[in-house]
Amino acid sequence: MKTTQAIPSTERALLVGVAWKRSPRVPGRPVGTPERESLVELVELARSAGAEIAGTVFQVRDKADPASLVGRGKLDEILAEANAKDAPLIIFDSDLSPVQQRNIQEHTERRVIDRTQLILDIFARHARSREGQLQVELAQLNYMLPRLTGKGAAMSRLGGKSGGGGSGGTGGGAGRIGVRGPGEKKLETDRRRIRDRVAKIEKNIEGVRKQRALRREARNSVPLGTIALVGYTNAGKSTLFNALSRAEVLVSSRMFATLDPTIRALRLPSGRRVLLSDTVGFIRALPKGLLNAFRATLEEVQEAALIVHVSDVSSAHNQELDEAVKKILAELGVAGQPTLHVWNKMDLLPPDERIELEKSAAHPPEGSEPPVMVSAVTEEGLDEFLQRIDNALPGDPVERLSLRLPLTEGRTLAMVHALGHVYHSELADSHMLLDAEIPVSVARRLKLQHFSVNGTF
């Protein structure tokens, strides 16, 4: 079976971007501006995949050429550029149809991949957990299935009366010795094997989804709100996650450096404990198959009590990137959930831009909450950020309790210490006397009314 090839770390790549004259654009901006910005992003994606950038080619067209996307003349120019820059790999910023990809490869005699295949390669490199690897493989196989191709004897496995030569008919004379059989071509065999593998992976991912649901149900047995960090890739989510939870999640300037979600407990200023989840970064034109494959991971976003949208305000295109994130959140069906917007990387802004942003944050659009301005690196604004999370989460009043718990209630004692704030504790015979503040929902879940003294519950 054919497999998607990874990009060797020393492979030189020529990048190709295409813009359309009739595509929607912002008034006052030249034609092709969004596509040029996307090509710059493709450079970072290619570097994240380990490629060396040999150069870029850009074209503005009226419409796509159905055979090669860019037309015969531009293909000649791309071939000359690839020869001059010694680039054995050509990466298109647009999605190529199987026919277009095959025609470009035949004309340039170079390996050709598109934006989707590049992102799949990066995900395959960075997936660490079994779940992540399954999801990436599923997306790769679904991408590869319509692109299987071949010709000549290498793809022929005809047997029986389907073989060449002879008089045909029903006799056994037709076909060559050793290849008589069901008459299935190798291409058909490969497709069938891929479909079988896809079905097996989907079954395994469904098992992963059920395991996640069980773990989520176990977490819900102790009522802790979940906060999901979302944002464009390389917005600084993992750095912010580490600063808040003191975890050691991988931090890298490369795109999609972290794929596997991480969850840590976090204590808010009110004393409440919540769960903080770091999720995979989003990107413009995220492949649909990849979004579907990672739905098991993104369920953490769907189940979150609060979504924290992290933006990189140091980026010149942060508003466009925010719109891309909002579009994906809408596709996940969570656009209406409570959301807190965080402007990260304030430390990278020049003083004049910072002053303008602070003025803008102080006067948000009517009906929206002001964003929180933080720097995950310098930890500036984190205290205000935690307080805003505390205010945004659904209310859970805290009760001051005096408790007399038997030492045999070890789990309940541990939960009171973990989820509440214990002011005083002392041992009396076979009981533990506690003076503590505990969220009412936790107290009811743990049935602390049976252990209260002095009528404190």
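For this structure, a couple of remarks:
- Matching residues, the stretch 380-399, being surrounded by 13 or more Cβ atoms within 10 Å (Cβ to Cβ) and touching a residue at least 40 places away in the same chain (Cβ under 8 Å): LEU382, PHE385, LEU386, GLN387, ARG388, ILE389, ASP390, ALA392, LEU393, ASP396, VAL398, GLU399
- Residue within the stretch 360-371 that is touching a residue at least 60 places away in the same chain (Cβ under 8 Å) and open to solvent by 40 Å² or more (accessible area, probe 1.4 Å) present: no
- Tallying residues that are surrounded by fewer than 16 Cβ atoms within 10 Å (Cβ to Cβ) and either in a helix (DSSP H, G or I) or modelled with pLDDT under 75 (or both) within the stretch 1-35 yields 15.
- Residue within the stretch 37-57 that is in a strand (DSSP E or B), open to solvent by less than 80 Å² (accessible area, probe 1.4 Å), modelled with pLDDT under 90 and farther than 21 Å from HIS107 by Cβ present: no
- In the stretch 232-252, residue modelled with the lowest pLDDT [restricted to those that are part of a loop (DSSP other than H, G, I, E, B) and hydroxyl-bearing (Ser, Thr, Tyr)]: SER252
- Verdict on VAL377 being in a loop (DSSP other than H, G, I, E, B), modelled with pLDDT of 90 or more, among the hydrophobic types (A, V, I, L, M, F, W, C) and surrounded by 14 or more Cβ atoms within 10 Å (Cβ to Cβ): yes
- Verdict on LEU69 being touching a residue at least 24 places away in the same chain (Cβ under 8 Å), touching a strand residue (DSSP E or B) at 6+ places or on another chain (Cβ under 8 Å), farther than 22 Å from PRO34 by Cβ and open to solvent by less than 40 Å² (accessible area, probe 1.4 Å): no
- Search result, residues across the stretch 434-452 that are under 11 Å from LEU403 (Cα atoms) and open to solvent by 50 Å² or more (accessible area, probe 1.4 Å): GLU437, GLN449, HIS450
- Of the set (1) at pLDDT 85 or above; (2) outside any strand (DSSP E or B); (3) more than 27 Å from the chain's Cα centre (by Cα); (4) not acidic (Asp, Glu), all apply to ARG444 but (1).
- Residues in the stretch 75-96 that are in contact with a strand residue (DSSP E or B) (Cβ under 8 Å, 6 or more places away or on another chain) and open to solvent by less than 50 Å² (accessible area, probe 1.4 Å): ILE78, ALA82, ALA87, LEU89, ILE90, ILE91, PHE92, ASP93, SER94, LEU96.
The values are calculated or read from the model by the stated rules, or taken from the named source; none is laboratory data. None of these values were measured; they are calculated from a predicted model. No Cβ is skipped: glycine too gets one built from the backbone with ideal geometry, and neighbour counts run over all protein chains shown. Ligands, DNA and RNA are excluded from the accessible area calculation, which covers all protein heavy atoms including side chains. Shrake-Rupley method; radii C 1.70, N 1.55, O 1.52, S 1.80 Å.
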